[in-house]
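Let me begin by presenting the structure, written as C-alpha cells, before commenting on it.
What follows draws every value from the coordinates through simple rules; no lab data is involved. In this text the structure is predicted, and so the values were computed from the model without any measurement. So basically every Cβ, Gly included, is an ideal-geometry build from the backbone, and we count neighbours across all protein chains shown.
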Amino acid sequence: MVRTGRRPVGRAILAACLVVGALVACTGTPPDADRARRGAADAGDPYVPGRGNGGYDVAGYRLRVRYDPADDRLTGHATITATATAGLSRFNLDLSGLTVGAVRVDGAKAGHAHEGEELVVTPARGLARGARFTVDVEYAGVPQPVESSTLGLGGFLATADGAVALGQPDSASTWYPVNDHPSDKATYDVEVTVPDGLAALGNGVPVGRTSAGGWTTWRWAERSPMASYLSTLVIGDYRVTTGTHQGKPMVTAVAASLPADGPAAASLARTGEVVDFLADRFGPYPFESYGGIALAEGRISYALETQSRPVYGPGFFRSGRPDTGVVAHELAHQWFGDSVSLARWSDIWLNEGFATYAEWLWLEHDGGRTVEQTVAARYAATDWSQPSVDPGRANMFGDAVYQRGALAVHALRRTLGDDVFFRVLRAWTTERRGGNATTADFVALAERVSGRRLGALLDAWLVGGTAPALP
Ligand SMILES: [Zn+2]
C-alpha cells in the first residue's frame, strides 16, 4: 500500500518489541487451547482484534455476487471449502453489516447467529479434526465502507457509477463471509453480476462474461493462494484493456471519466515493463495474470497491491504527470506481501520495506534519483526511536515501516553485495512462494543463503534506538 503523496504520518503510541536484539520475541497472542471445540472468534493478532477466526483453514472461496448501483443492494452466495484444524461444534466467519438468509454445512441446514461482525455457524453435526467441509452462506444487504484510523476509507464504498471494495488490513468482510486474516490464504472464483454497460473487475484471470436480461456477469479466477485483504471488486464505467504479457492475461482498467491519454493511463500502460524489471531482480512473477485498475474515486487516498491487479487512487496522478514509482511499489508487493505474505501484521515491514526499496530501484532505473541519493535523504530524516518491526497498530503505515524498512533492506544489500543480496531475495520469493512468513524466517533464510550472521545487523537497522553506521 502507498498513500497519496506518501505523506509522513504523525507519531503514534508504540507497542515495540520488548527486547531489542531478539526479533523472534515479537510474537502475537498464543493460541488458546480451550477454544478447541468452539473455533476462536479471531486470529489472535492484536493489530486486528476480532479479525480472522480459529479452528479451520480455508482452501477456496466461490463467490456469486449481484450488485445494483441503483439501490446499492448486494446479494451474495458464498461457498467456502475448508478443513477443520480442530474438532468443531461451531465456528465463526467474519461478516460486517449484511443480513444472512441461510447457512448450510456440507449441504445440511446449519444454525447461524450474526453477533456484531461475527457470523457464528453451528453445523447440524460436529466436524472432526481434519474433516474437509463446505459452507454455503446466502446473504444480502447494503454493504458499508470502513473508516480506518490508519489507512483511511476502505471496505465497500458505493461510488457515483458503481462501487469499490478495497482496504488494508481488512475490507473483505464488508462484502463476503471470510476468515479475514492473511494467515489463512485461499483461492478465489468470483462471479459478479452488474447492469449491462458497467465493468465488474476482480483479481486473477478473466474466465468469461455473459449477459442476460439486462445484466452482465463477469467471472474471475485467482488460483494462487490469496490473503483476503488482497481481494478487490471494482464496479463502474471503465475502459478495460485485455491483452497478454509473457503469455499470461493482462487486464488493465482506467475509469472512463479519466482521460484516455492521461497520466493514470500512461502509468498503467507501463505495468508489463515494470513487472519485467522487478522479475529480473526478484525472480519469476508469481501469478497467472497481470494488470491494474485506476480509480476516479477521490475518497480512495491510496494505492493497494490487490493480488495480480493493484488498484490506484486518483491522487497519484493529480499533478498531470505519470507516476510509475507507485506502479513499481504495488507490483513489487506481488512478490513481497502477496505471494510471500505476512503471518501477523506486526511484520508489515516485510511487505512495505521491500516494496519501498523496489520503488527506489525502479526510480534509479527509470532515470530518476539514484538509490544512494534516496538512501542519504531517508537516512537523514529517520526517527530511530520508531521500530520497523512491531511498530504498533496505529503506526503500521508509518515511516518506520516503509522508509526505515527500506533502509534496512539497503543495509543488507551493501553488507552482502549485489550478487548474494539478490540471491537471498530470490530464495525468499521461491521458497516461501504462496505462503506466509515472519521476520525471524527472513533473518534465518538470509543467514543460510549468505553464510553470515545477520541478526545484529538487522536488529540495528530495524529496531535499534540509534542510527546505525551505513555499511
Ligand atoms: Zn505498500
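One line per residue, one yes/no per condition, for (1) part of a helix (DSSP H, G or I); (2) of a type in the set (A, V, I, L, M, F, W, C); (3) more than 28 Å from the chain's Cα centre (by Cα):
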residue: Leu412; (1), (2), (3): yes, yes, no
residue: Phe421; (1), (2), (3): yes, yes, no
residue: Ala440; (1), (2), (3): yes, yes, no
residue: Asp459; (1), (2), (3): yes, no, no
residue: Thr466; (1), (2), (3): no, no, yes
residue: Pro471; (1), (2), (3): no, no, yes
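Looking across the stretch 431-471, the residues that are closer than 23 Å to Ser183 by Cα and surrounded by fewer than 17 Cβ atoms within 10 Å (Cβ to Cβ) come down to Glu431, Arg433, Gly434, Gly435, Ala444.
For the stretch 118-140, the criterion of being surrounded by 16 or more Cβ atoms within 10 Å (Cβ to Cβ), in contact with a Gly (Cβ under 7 Å, 6 or more places away or on another chain) and not in a strand (DSSP E or B) is met by no residue.
Rundown of residues vs (1) under 17 Å from His245 (Cβ atoms); (2) assigned to a helix (DSSP H, G or I); (3) touching a helix residue (DSSP H, G or I) at 6+ places or on another chain (Cβ under 7 Å), yes/no style:
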residue: Glu273; (1), (2), (3): yes, yes, no
residue: Phe277; (1), (2), (3): yes, yes, yes
residue: Arg281; (1), (2), (3): no, yes, yes
residue: Tyr285; (1), (2), (3): yes, no, yes
residue: Arg299; (1), (2), (3): no, no, no
residue: Ala303; (1), (2), (3): no, no, yes
residue: Ser308; (1), (2), (3): yes, no, no
residue: Ser319; (1), (2), (3): no, no, no
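Just a yes or no: is a residue in the stretch 287-297 more than 16 Å from the ligand (Cβ to nearest atom) and without any contact (Cβ under 8 Å) to a residue 24 or more places away in the chain? No, the stretch 287-297 contains no residue that is more than 16 Å from the ligand (Cβ to nearest atom) and without any contact (Cβ under 8 Å) to a residue 24 or more places away in the chain.
Yes/no matrix, rows are residues, columns are (1) buried (at least 24 other Cβ atoms within 10 Å of the Cβ); (2) farther than 18 Å from Tyr357 by Cα; (3) polar (S, T, N, Q); (4) in contact with a Gly (Cβ under 6 Å, 6 or more places away or on another chain):
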site: Phe277; (1), (2), (3), (4): no, no, no, no
site: Gly291; (1), (2), (3), (4): yes, yes, no, no
site: Thr306; (1), (2), (3), (4): yes, yes, yes, no
site: Tyr312; (1), (2), (3), (4): yes, yes, no, no
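Taken over the stretch 208-227, the criterion of being of a type in the set (A, V, I, L, M) and surrounded by 14 or more Cβ atoms within 10 Å (Cβ to Cβ) is satisfied by Ala221, Met226, Ala227. I'd like the residue in the stretch 331-358 that is more than 11 Å from the ligand (Cβ to nearest atom) and in a strand (DSSP E or B) and, out of all such residues, is nearest to Gln386 (Cα to Cα). By that ranking, first place goes to Leu342.
Give the residues of the stretch 243-271 that are among the basic types (Lys, Arg) and either in a strand (DSSP E or B) or within 18 Å of the chain's Cα centre (by Cα) (or both), sorted by residue number.
First pass over the stretch 243-271, keeping only residues among the basic types (Lys, Arg): 248, 270.
Selection gives Lys248 alone.
For the structure I just gave you, tell me whether Pro225 is assigned to a strand (DSSP E or B) and either farther than 15 Å from Pro206 by Cβ or basic (Lys, Arg) (or both). In short, yes.
Taking the conditions (1) buried (at least 22 other Cβ atoms within 10 Å of the Cβ); (2) more than 21 Å from the chain's Cα centre (by Cα); (3) in contact (Cβ under 8 Å) with a residue 24 or more places away in the chain; (4) assigned to a helix (DSSP H, G or I) in turn, Trp428 satisfies each one other than (2).
Would the stretch 166-179 turn up any residue that is β-branched (Val, Ile, Thr) and in contact with a helix residue (DSSP H, G or I) (Cβ under 7 Å, 6 or more places away or on another chain)?
Here is the first cut: in the stretch 166-179, the residues β-branched (Val, Ile, Thr) are 174, 178.
Next, from what is left, pick out any that are in contact with a helix residue (DSSP H, G or I) (Cβ under 7 Å, 6 or more places away or on another chain): 178.
Yes - at least one qualifying residue is present in the stretch 166-179.
Name the residue that is farthest from Thr306 (Cα to Cα), counting only residues in the stretch 233-243 that are of a type in the set (Val, Ile, Thr) and buried (at least 24 other Cβ atoms within 10 Å of the Cβ). For the stretch 233-243, the residue satisfying everything is Ile235. Per the listing Val443, Val420, Val409, Val424, the residue uniquely within 16 Å of the ligand (Cβ to nearest atom) and of a type in the set (A, V, I, L, M) is Val409.
Restricting to the stretch 442-457, and then to whatever is touching a residue at least 24 places away in the same chain (Cβ under 8 Å) and outside any helix (DSSP H, G or I), can you tell me which residue is farthest from Trp349 (Cα to Cα)?
Narrowing the stretch 442-457 to residues touching a residue at least 24 places away in the same chain (Cβ under 8 Å): 442-443, 446, 449-450, 452, 454-457.
Still in the list and also outside any helix (DSSP H, G or I): 452, 454.
Numbers: Arg452: 22, Leu454: 17 Å.
Checking each candidate, the answer is Arg452.
What residue, among those in the stretch 80-95 that are outside any loop (DSSP other than H, G, I, E, B) and farther than 17 Å from Glu118 by Cα, is farthest from the chain's Cα centre (by Cα)?
Narrowing the stretch 80-95 to residues outside any loop (DSSP other than H, G, I, E, B): 80-84, 88, 90-94.
Still in the list and also farther than 17 Å from Glu118 by Cα: 81-84.
Numbers: Thr81: 21, Ala82: 21, Thr83: 23, Ala84: 25 Å.
Of everything passing the filter in the stretch 80-95, Ala84 is farthest from the chain's Cα centre (by Cα).
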